[in-house]
Amino acid sequence: MTVQITDEERKDAEVFYLNWMTRTTERGQRAAKHPRWPTLVKLHGEPGEEAPSTDTGKLQDRMMTVEVYRLSEIPQNPSHRPQVVFQQTLQVLPNMPIKTLRLKLLKILKAKPATQIRVFVKLRRDADDAGVWGEVDLNLTRQSDLVWWGIENGCHLGVALS
């Protein structure tokens, strides 16, 4: 079975290839590394110059670390500090949906998926501030991610089981 490629599909693929070569290969090395470079440049023109990408694209490079605390009770007011029953460091992606975070928290706390939990973020003005716990709404209908809730690298999350 032979697949027919239209002229438009071929042109799109070749232009994409030229752009990819521009992003990933230094100018002086393009013809040596990509034999079709001169032919495609004559046919479609040389794409705009971009710096070669140094992004490895590894998810590991984008991970952030959060400290998770299981709280003995729900924080009621800023002066009351609940006791920490359990602590663990967790690596997560900033764009992780809050519902996925909930499942991950249940897993590290060894709780059943049906368990009701409340999640709190420790809010601080500066490094010396003891901070207050602000609640994360897990029942929010819109799919919000960790960054939307202000959860960032080095953040503290408190979890209270209901």
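The values are calculated or read from the model by the stated rules, or taken from the named source; none is laboratory data. Computed from a prediction, not measured in an experiment: that's the story for all the values here. Counting neighbours? That spans all protein chains shown, and the Cβs are built from the backbone with ideal geometry, glycine included. Surface accessibility is based on the protein's heavy atoms, side chains included, excluding ligands, DNA and RNA. Shrake-Rupley method; radii C 1.70, N 1.55, O 1.52, S 1.80 Å.
Looking at this structure, is residue 81 assigned to a helix (DSSP H, G or I), at pLDDT below 90 and of a type outside the set (Gly, Ala, Ser)? Before the answer, list the steps.
Details: assigned to a helix (DSSP H, G or I): no; at pLDDT below 90: yes; of a type outside the set (Gly, Ala, Ser): yes.
So residue 81 fails the test.
Taken over region 111-162, the criterion of being under 17 Å from residue 84 (Cα atoms) and at pLDDT below 75 is satisfied by 130, 131.
Test residue 102 against the criterion of being modelled with pLDDT of 85 or more and in a helix (DSSP H, G or I), and give yes or no. Considered against the rule, which asks whether it is modelled with pLDDT of 85 or more and in a helix (DSSP H, G or I), residue 102 comes out as yes.
Please tell me if residue 36 is open to solvent by less than 100 Å² (accessible area, probe 1.4 Å) and either at pLDDT below 90 or in contact with a helix residue (DSSP H, G or I) (Cβ under 9 Å, 6 or more places away or on another chain) (or both). Reasoning before the result, please.
Numbers: open to solvent by less than 100 Å² (accessible area, probe 1.4 Å): no; either at pLDDT below 90 or in contact with a helix residue (DSSP H, G or I) (Cβ under 9 Å, 6 or more places away or on another chain) (or both): yes.
So residue 36 fails the test.
Among the residues of region 145-162, those that are open to solvent by 10 Å² or more (accessible area, probe 1.4 Å) and over 11 Å from residue 67 (Cα atoms) comprise 145, 147, 148, 149, 150, 161, 162. Against the conditions (1) exposed (fewer than 10 other Cβ atoms within 10 Å of the Cβ); (2) assigned to a helix (DSSP H, G or I), residue 18 satisfies every one except (1).
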